[in-house]
């Protein structure tokens, strides 16, 4: 086995906690450095991983012991941090959304190319093994070409503790930037063609959470297929009910016991300061690595109900495989249970950084997804179909 990839982390917040079980368990990754403005998070990281810590992200990027950087800072800082990492010759994995403008994405792509480093965008749920298996099944030709994709997800996203900018669309807040990126990545992956245009509606129905909390969109692809995307983060219906109460992160859930919990917990925050404190309590620092492990049986991550209608079958990715609904029979194309959550992200990062492979979720891929997010917002505002220019 080759030596592990020495990874530095910029931002030890919620995004990092979702990837922490992966990085901590996968022998292909060594967590060697971190940067975060919170002292308690830095001190805990240094202790738990015997790693260097920095208050300043630039100093982390300059550290010669760091080979690649995971940018998990808030959306508005992605462009600065990616460019810094590239400038110091580091490969980069940047959280979705890649950025909040097309120009920022292009700057990041140019910086990576100039430095001859690999740039990956993720994680998004298009890394999840059931979607990758469905893609392989489609590409085999056994079920005919893709004709239609339906993606549906209902969660409590809007009522989880948020910083003010996460509720401000102008700063990359709301469900279109943070959640549509997942669905767009998935349907683009499965359609196997460039997106051509977008038509969308958005919902902003709670004045106390004044940003997009829901959307419905249609994407047209150049091969004639089309996708319908629906999402609500208003904490009523929960699509995990359709997934046998396997949660988005691959954990088993008790749907009855958890109903209404997000709204009830949020009521405990009487001010913005208290809500920020609640959010920080869910991040790494106040709690250590053990708090973010998934106990019990592990399934694959998912992003709600997805059905791919091919000419000769419908394919439905599930937490344990892909359900195939054919002309006469149906069956489960079963996947072995994962040993490490989201190992697929490390598969792609390691192959790119160590083996030099071209990543699927490249900077150009991330730009294409961000363009669709922006087109959704534009279409909802203007009432018009919006054409796309930066698709891959």
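The values are calculated or read from the model by the stated rules, or taken from the named source; none is laboratory data. Nothing here was measured: the structure is a model prediction, and the numbers come from that model. No Cβ is skipped: glycine too gets one built from the backbone with ideal geometry, and neighbour counts run over all protein chains shown.
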Scanning segment 99-147 for residues that are in contact with a strand residue (DSSP E or B) (Cβ under 6 Å, 6 or more places away or on another chain) and part of a loop (DSSP other than H, G, I, E, B), the one surrounded by the most Cβ atoms within 10 Å (Cβ to Cβ) turns out to be 118
All-but-one check, residue 66 against (1) within 25 Å of residue 343 (Cβ to Cβ); (2) within 17 Å of the chain's Cα centre (by Cα); (3) not assigned by TED's automatic domain parsing to the domain that holds residue 169, failing number (2)
Checked segment 6-30 for anything surrounded by fewer than 21 Cβ atoms within 10 Å (Cβ to Cβ) and either part of a strand (DSSP E or B) or not assigned by TED's automatic domain parsing to the domain that holds residue 80 (or both); matches are 6, 30
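Have a look at 283, 269, 287, 264 and point out the one that is surrounded by fewer than 17 Cβ atoms within 10 Å (Cβ to Cβ), modelled with pLDDT under 95 and outside the structural domain of residue 20 (by TED's automatic domain parsing).
Details: 283 fails: surrounded by fewer than 17 Cβ atoms within 10 Å (Cβ to Cβ); 269 fails: modelled with pLDDT under 95; 264 fails: modelled with pLDDT under 95.
The conditions single out 287.
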Looking only at segment 323-332, decide whether some residue is over 19 Å from the mean Cα position of the chain (by Cα), assigned to a strand (DSSP E or B), surrounded by 13 or more Cβ atoms within 10 Å (Cβ to Cβ) and at pLDDT below 95.
no
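Scan 53, 92 and give me the residue that is under 22 Å from residue 367 (Cβ atoms), buried (at least 20 other Cβ atoms within 10 Å of the Cβ) and outside the structural domain of residue 170 (by TED's automatic domain parsing). Walk me through how you get there before you give the answer.
On the way: 53 fails: under 22 Å from residue 367 (Cβ atoms).
After ruling out the rest, the residue left standing is 92.
State which residue is surrounded by the most Cβ atoms within 10 Å (Cβ to Cβ) when the search covers only segment 353-382 and only residues that are in a loop (DSSP other than H, G, I, E, B) and out of contact with any strand residue (DSSP E or B) (no Cβ under 9 Å at 6 or more places or on another chain). Let's see the steps before the verdict.
Restricting attention to segment 353-382, the residues satisfying the condition of being in a loop (DSSP other than H, G, I, E, B) are 354-361.
After this cut, where a residue has to be out of contact with any strand residue (DSSP E or B) (no Cβ under 9 Å at 6 or more places or on another chain) as well, the list is 355-358.
Details: 355: 8, 356: 8, 357: 13, 358: 8.
Applying the filter and picking the extreme gives 357.
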